[in-house]
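Trainee: Take this structure first; my questions come after.
The values are calculated or read from the model by the stated rules, or taken from the named source; none is laboratory data. Everything numeric in this text was worked out from a predicted model, so none of it was measured. Note: ideal-geometry Cβ built from the backbone for every residue, glycine included; neighbour counts use all protein chains shown. For the accessible areas, the whole protein counts, side chains as well, though only heavy atoms, and no ligand, DNA or RNA atoms are used. Shrake-Rupley method; radii C 1.70, N 1.55, O 1.52, S 1.80 Å.
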Amino acid sequence: MAFPTFPTSHAGTEIQAEVSSGGLTRKFRLNETNYGDGYQQVTSRGINVEEDEWRLKFVLPHGAAGAVTDFLDARKGAEPFYWTPPRKTSGLFRVMEYRRSELQGDSESITCVFKRWYGSDS
């Protein structure tokens, strides 16, 4: 199954996130075993041990904000999509929730977390 790509524009408006609102958080999946004498054994769990999350904020005109939330709603938190983080290569991500707020004028704010997804796209 081929996955869709997160929209980069809508009706001439560029859709770009403000990464300064949180940026990248990387955690590592580990197996940890603690022994009674204080000894601890730690190993990486699996081949994709990085858990990347991007905390993003989009400030967009009403129409472009609607295009973003329509795209996220269509995925329903379960279907991954392609997105290219700043200065990184494209990867698969999921969004499990978002917050959409009205701002002054025609602008809206969308905040969400893009969580890296590992799996096959074929």
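Trainee: Could you give me the ³J(HN,Hα) list for the stretch 87-103, computed from phi with Karplus coefficients 6.51, -1.76, 1.60 and θ = phi - 60°, whole Hz, x at Gly and Pro?
Mentor: With the stated coefficients, the stretch 87-103 comes to 6, 10, 9, 4, x, 8, 9, 10, 10, 8, 7, 8, 10, 10, 10, 6, 10 Hz.
Trainee: Can you pull the percent of the stretch 8-122's accessible area that's carbon plus sulfur, 1.4 Å probe, other chains left in place?
Mentor: 45 percent
Trainee: In whole Hz, with x marking every Gly and Pro, tabulate ³J(HN,Hα) for the stretch 38-48 from phi via Karplus 6.51 cos²θ - 1.76 cosθ + 1.60, θ = phi - 60°.
Mentor: My calculation for the stretch 38-48 gives x, 6, 10, 10, 10, 9, 5, 9, x, 8, 10 Hz in order.
Trainee: Within the stretch 45-74, what residues put their amide N at less than 17 Å from the label point 7 Å along the Cα-to-Cβ vector of F3?
Mentor: The answer is 47-56, 71-74.
Trainee: Working from Cα positions, state the angle (0 to 90°, nearest 10) between the long axis of helix 62-75 and the longest principal axis of the chain.
Mentor: That helix lies at roughly 40 degrees to the long axis.
Trainee: Using DSSP, restrict attention to beta bridges with both residues in the chain and report what percent are antiparallel, rounded to the nearest 5.
Mentor: Within the chain, antiparallel bridges account for around 95 percent of the total.
Trainee: Identify which of G105, G66, G23 has the largest mean-square fluctuation in a Gaussian network model of the chain, with springs joining Cα atoms closer than 10 Å.
Mentor: Top of the fluctuation ranking is G105.
Trainee: List the residues whose amide H sits under 5 Å from the amide H of I15, counting only those 5 or more places along or on another chain, with H placed 1.01 Å from N in the peptide plane.
Mentor: S9, H10
Trainee: Further question on the same structure: Starting from the stretch 85-122, pick out the GluC sites (Glu not before Pro) whose DSSP state is loop and whose Cβ has at most 12 other Cβ atoms within 10 Å.
Mentor: E97
Trainee: If amide H atoms are built 1.01 Å from N in the plane of the peptide, which residues on other chains or at least 5 residues away come under 5 Å of the amide H of W117?
Mentor: Close amide H contacts, sequence-distant or interchain: L92, F93, R94.
Trainee: I would also like to ask the following. With a cut-off of 8 Å between alpha carbons and a minimum separation of six or more residues, what is the relative contact order of the stretch 45-107 in percent?
Mentor: So the answer I get is 29 percent.
Trainee: Would you mind getting the accessible area per residue of the chain, heavy atoms of the protein chains only, 1.4 Å probe, in Å²?
Mentor: The answer is 64 Å² per residue.
Trainee: Looking at the chain, identify the longest residue range that excludes and avoids all trypsin sites (Lys or Arg not before Pro) in DSSP loops having at most 14 other Cβ atoms within 10 Å.
Mentor: Longest site-free region, per DSSP loop and neighbour criteria: 89-122.
Trainee: Could I ask something else about it? So what is the orientation-averaged projected area of the stretch 1-82, using the convex hull of its C-alpha atoms, in nm²?
Mentor: 8.3 nm²
Trainee: Calculate the spin-label point distance for D106 paired with Q16, positioning each point 7 Å from the Cα along the beta-carbon direction, and give it in nanometres.
Mentor: Placing both labels 7 Å beyond Cα along the Cβ direction yields 2.0 nm.
Trainee: Return the calculated 222 nm mean residue ellipticity for the chain, to the nearest 500 deg cm²/dmol, obtained by summing -39500 (n - 2.57) across DSSP H runs with n ≥ 4 and dividing by the residue count.
Mentor: About -3500 deg cm²/dmol.
Trainee: Across the chain, where is the longest run that never hits chymotrypsin sites (Phe, Trp or Tyr not before Pro) in a DSSP loop with at most 11 other C-beta atoms within 10 Å?
Mentor: Between exposed loop sites, the widest span is 40-122.
Trainee: Right, something else. Cut-off 10 angstrom, C-alpha nodes, Gaussian network model of the chain. Which of D73, D52, D106 fluctuates the most?
Mentor: Highest fluctuation among the options: D106.
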